[in-house]
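The values are calculated or read from the model by the stated rules, or taken from the named source; none is laboratory data. This is a predicted model, so every value here is computed, not measured. Note that we place each Cβ from the backbone using ideal geometry, even for glycine, and neighbour counts take in every protein chain shown. Note: areas computed on protein heavy atoms with side chains; ligands, DNA, RNA excluded. Shrake-Rupley method; radii C 1.70, N 1.55, O 1.52, S 1.80 Å.
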Amino acid sequence: PRDAAAGDPNALAEVARYILYIENDYPRGLAALQKASDAGDRPSTDRLYHELLSREHGLQDFSRAAKLLPLLAEWGDAEAMDLYGSALIAGDGFPQDAVRGLAFREKAAKGEDSAIMFRLACDYEIGIGIPADLARATHWYSQAFWHQQGLHKTPALGAKLGLLLLAQKDGLRVNRNEFAKLISPTPMDVLYSVLTPATRAALTARIAAELAPDQPAPANPATVIGLMWTDARLGPPDYAQATQLFLNNTDAAALRQRGLMHENGWWCQRDADYRWHFLPADHAEALKCFADAAARDDGPAHYYLAQAALEKWHATSALSAADDSERHAREGARLGDPASKSFYAQWIQYRTSESQALTAEEKTAAYIDARRLWAEADAAGIIAATYYLGVSAENGDGTPTDLPAAIGLIRRAAEGGYASAQEHLGLWLDEGREGLPRDRVAGRALLVQAAAEIPRAANEFAVSLWHSDEVKTRSEEIKTWLEKSFDGGYWVAGRNLAKFWHVGLGGVKDETLARTTLEKAAAQGGKEGAKVPAAAFTKGDAVDPDPIAAAKWQALAEG
């Protein structure tokens, strides 16, 4: 008491506690707390504030309590900062100062109280007293959700958080880690998040729809998380995490993605030290995964099987592979896969144009069916379908030609990065065809872009330079592009390369190299290729005339 009388803050606080808890005299106790608070004792100020808010002892005084908020807020009490900040924003009992008030609330929310975080998130979302800011609302909802304790987490808040994350611009890309954490189906997840099965399934379906809007949502959340880790649109892929999620996963989408990882050498394996490393590409294992996914009615898996069978047909000329390719394309189209629809339409167009048995009416009906499939695939964003719709309009398969429509579609496909469309439009512009004004700069630029995927386009770019006024100054560039095309497997470029050496375009005439190059190209071209040296050795336009060699190649051309 003597120290308290002398104004010692600690002594004043001890006296107040004695009066409150030993004597149970609350009116005198509050007066003592006021003295201790005035003397600078922080715990006493905090206790006085809460006693003034309490109804328990009949001493409730909101006005008096509010006067303590600035002091408690300056001392860093989270609840006081939040309340004082709200009061400043609203001008409730204090001069209105929204900027300072929001600063107090933001600082309060950085503590550990999830309720404060949640209140700030709600106000940001709706714009109560502060400007609405969906990004800040999402941030504080996220903080509130992850600061809630174990089983007390609110599934509804988790669902709200997930939907707000998706609503952000590039939400799935920016918040990939957050989504993986939010919908994680691991057994340990109960320690961190409690989403009801229905909530988890709904969020998983929404995310799956963002990833692949034209495909059914996978049943297993692990599959969706794995797809997020492998989708390069969402950030750098993490194939090690994806491997764990796809391993022993029988979802069709997981099997299909696993097939792609095996095909490209992305599948991972742990070594003896539990470090991840990539396995070599395994085409056979990839096909097995695609087949397992296709057996579960996965349309995209049928598309990959159709493409693999097409490559086998090209490599081996096995007609059974062509039949398999068409069959898988048809089945993928039936299952609604847009890429399969586009590919199956190509098969329809090819079979129809090759058929000698179909009537004119049947061919027209087939072409119309192909265009329908391409239109559906184009609407789903398959850029190849856009291109083939344009080619169909150009050729007038089963209908009158429509060049304006063809130009528009092929241009759109070229702008979308489709190499065949870039080559097609590039030739039109380079040559000034189909009513387009000649634009060699734009045309050649498109041919160069297409050459990254289509060796033939490199040859066409070289030919464009050859037939221009720049032929002498760019002869070395012409040779480089012809070699690129020929090395890429386009044998016709070999004939042009032979002529390059024959005429000495680069300043050096080499007849031996011309002849060797021409015969190498002819050997790659089969019977059709044999016609080229037969003509060249006769006319002497790519090599010196040689009647004996011409006769030999003519015999080969005739079988």
Taking the Cα atoms only, what angle lies between the long axis of helix 455-466 and the longest principal axis of the chain, rounded to 10 degrees? 70 degrees
Heavy-atom accessible area per residue - segment 215-350, 1.4 Å, Å²: 48 Å²
Give the Cα extents of the chain along the principal axes, in whole Å, largest first. 130, 57, 54
Phi to ³J(HN,Hα) by Karplus 6.51 cos²θ - 1.76 cosθ + 1.60 over segment 411-419, Hz, x for Gly, Pro: 5, 4, 5, 5, 5, x, x, 7, 4
List the relative contact order of the chain as a percent without decimals, with contacts defined as Cα pairs under 8 Å and 6+ residues apart. 4 percent
Exposed-loop-free span, longest in the chain, where GluC sites (Glu not before Pro) count as exposed if DSSP calls them loop and at most 10 other C-beta atoms lie within 10 Å: 113-557
Helix 252-264 versus the longest principal axis of the chain: what is the Cα-based angle in degrees, 0 to 90, to the nearest 10? 60 degrees
Give the Cα extents of segment 7-96 along the principal axes, in whole Å, largest first. 41, 28, 18
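Which percent of the accessible area of the chain is formed by carbon and sulfur heavy atoms (probe 1.4 angstrom)?
Accessible surface attributable to carbon and sulfur in the chain totals 54 percent.
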For the chain, what is the calculated [θ] at 222 nm in deg cm²/dmol (nearest 500), taking -39500 (n - 2.57) for each run of four or more DSSP H residues and dividing by its residue count? -21500 deg cm²/dmol
In segment 18-163, what is the volume of the convex hull around the alpha carbon atoms, normalised per residue and reported in Å³? 130 Å³
Anything over 19 Å Cα to Cα? Flag those among Lys479/Lys531; Lys110/Lys181; Lys479/Lys520, in the order listed. Lys479/Lys531; Lys110/Lys181
At a probe size of 1.4 Å, how large is the accessible area of Val503, to the nearest 10 Å²? 80 Å²
Accessible area (Å², per residue) of segment 89-183, counting only protein heavy atoms and a probe of 1.4 Å: 50 Å²
Inter-part distance where segment 237-254 and segment 328-403 are each reduced to a Cα centre, Å: 34 Å
Looks like segment 77-173, by Cα gyration tensor root eigenvalues a ≥ b ≥ c and the a/c under 1.5 rounded cutoff (else prolate when a/b is bigger than b/c, oblate otherwise), is oblate
Kindly express, to the nearest 10 degrees and within the range 0 to 90, the angle between helix 78-90's C-alpha long axis and the longest C-alpha principal axis of the chain. 80 degrees
